[in-house]
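Q: Questions regarding the structure given below will be posed in turn.
The values are calculated or read from the model by the stated rules, or taken from the named source; none is laboratory data. All figures in this text were calculated on a predicted structure; none of them were measured in a lab. Ideal geometry is used to build each Cβ from the backbone, glycine not excepted, and the neighbour counts take in all protein chains shown. For accessibility, only protein heavy atoms count, side chains too; no ligands or nucleic acids. Shrake-Rupley method; radii C 1.70, N 1.55, O 1.52, S 1.80 Å.
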Amino acid sequence: MSRTSASLVPSAPGPSSPLTNSYTYHSSTPTAPGPYILGVDEAGRGPVLGPLVYGVAYCPVSWKTDLEQLGFADSKTLTPEKRAQLLRVLNSDHQNLGWSVRVISPQAISAGMLRIPPTNLNKQSQDATVLLIRDVLQRGLQLSEVYVDALGNTTTYEAYLSSQFPGISFTVTTKADSKFKIVGAASVAAKVTRDACVDGWTFEELIEEDDNVVRSSREENWNREFGSGYPSDPKTQTWVKNSLDPTFGFPYIVRFSWTTVKVILEKSAHSVKWIDEGQESLMKAFEGGKGREKDRCIVTKDLGIQSIGTL
């Protein structure tokens, strides 16, 4: 997808708009009477570059047969041209078809995974799914069936979603995008949006850079030869290595919580020693004890605080 084509995708940031924060996009709300079915799928879970995008698509239960004829399928099996054409189909019937996406920025992904306690990718994915379903319900649509493409323990996830939305029948399964057309439609929405985000990426760092020499050097290293974005792709590996600034790290398109990135930083970036003068005694006060005092710090001993088994 070219940058020009990317700018035509309504769910992607506009031209010259950097993707700094996560956001949600909704198409127009369908007007046909319900109940509705809804499919959920994602694009960009594994790549080291760009956002993770969750998509949902929805249509009336009574429109299922019509949906079957439109050509939706697992977006990975479709050409970019076919995916773009199917997104236009999603936008063509405002009475029966609707779709939404939640775009989770690379920085939000990494910040969540590195905070204490961490919000891992599964939890971030779960939160995005719940948010999108709630948004659709709040738009006044009645959902009777929801189909979710998922990895891992699908039984546990299905039970969780059912507890969050009583009265809705959930089917959570692997390869749902190839089993249910409504999930295939969600897959197309998510994939086209993510591709547009990456292909049309605006480097915020270049906008903020006043030094023309530095900007020119970065523009040369931050070309758009991203490859697939996956850590195993040699083209992606080369781009990530070349994009490193040894002092300031990587541009915001890179997920800095990925192991691939951590390894490059440890090998090629300048080491940093954080000095917090005057805090050593405070830190020592909260260090765990040893021997018989294991798991007790100075503060707990001074205050006479002890662990108890029951209240």
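Q: Find the residue count for segment 55-80, including only residues that are of a type outside the set (Gly, Ala, Ser) and within 21 Å of Ser144 (Cβ to Cβ). Spell out the reasoning first.
A: From segment 55-80, those of a type outside the set (Gly, Ala, Ser) are 56, 58-61, 63-70, 72, 74, 76-80; that's our starting set.
Going one step further and asking which of them are within 21 Å of Ser144 (Cβ to Cβ), we end up with 56, 58-61, 63-68, 70, 72.
Residues that pass the stated criteria total 13.
Q: So in segment 122-140, with the set limited to residues that are surrounded by 20 or more Cβ atoms within 10 Å (Cβ to Cβ) and hydrophobic (A, V, I, L, M, F, W, C), which one is farthest from Trp99 (Cα to Cα)?
A: The selected residue is Ala128.
Q: Which one of these is at positive phi and either in contact with a His (Cβ under 6 Å, 6 or more places away or on another chain) or open to solvent by less than 60 Å² (accessible area, probe 1.4 Å) (or both): Gly71, Gly112, Gly98?
A: Values: Gly112 fails: at positive phi; Gly98 fails: at positive phi.
Among Gly71, Gly112, Gly98, only Gly71 is at positive phi and either in contact with a His (Cβ under 6 Å, 6 or more places away or on another chain) or open to solvent by less than 60 Å² (accessible area, probe 1.4 Å) (or both).
Q: If you check Trp258 against the conditions, is it of a type outside the set (Val, Ile, Thr), at pLDDT 90 or above and open to solvent by less than 60 Å² (accessible area, probe 1.4 Å)?
A: Details: of a type outside the set (Val, Ile, Thr): yes; at pLDDT 90 or above: yes; open to solvent by less than 60 Å² (accessible area, probe 1.4 Å): yes.
Yes, satisfied.
Q: For residues in segment 159-188 being assigned to a loop (DSSP other than H, G, I, E, B) and not aliphatic (A, V, I, L, M), which is least open to solvent (accessible area, probe 1.4 Å)?
A: First, the residues of segment 159-188 that are assigned to a loop (DSSP other than H, G, I, E, B): 165-168, 174-175, 180.
Now narrow it down to the ones that are not aliphatic (A, V, I, L, M): 165-167, 174-175, 180.
On the way: Phe165: 13, Pro166: 107, Gly167: 80, Thr174: 63, Lys175: 131, Phe180: 59 Å².
So, considering only residues that are assigned to a loop (DSSP other than H, G, I, E, B) and not aliphatic (A, V, I, L, M), the one least open to solvent (accessible area, probe 1.4 Å) is Phe165.
Q: Return yes or no: is Ser232 polar (S, T, N, Q), in a loop (DSSP other than H, G, I, E, B), modelled with pLDDT of 90 or more and open to solvent by less than 30 Å² (accessible area, probe 1.4 Å)?
A: Judged against the criteria, Ser232 is not a match.
Q: Modelled with pLDDT under 95, polar (S, T, N, Q) and either crowded, with 19+ Cβ neighbours inside 10 Å or within 21 Å of the chain's Cα centre (by Cα) (or both) - does that describe any residue in segment 79-91?
A: Looking through segment 79-91, none of the residues is modelled with pLDDT under 95, polar (S, T, N, Q) and either crowded, with 19+ Cβ neighbours inside 10 Å or within 21 Å of the chain's Cα centre (by Cα) (or both).
Q: Just to verify a result, which residue in segment 142-152, among those that are closer than 27 Å to Ser105 by Cβ and not charged (D, E, K, R), is surrounded by the most Cβ atoms within 10 Å (Cβ to Cβ)? Steps first, answer last, please.
A: As a first pass, look at segment 142-152 and keep what is closer than 27 Å to Ser105 by Cβ: 146-152.
Subsequent filtering for residues that are not charged (D, E, K, R) retains 146-148, 150-152.
Working: Val146: 26, Tyr147: 24, Val148: 24, Ala150: 20, Leu151: 11, Gly152: 10.
Checking each candidate, the answer is Val146.
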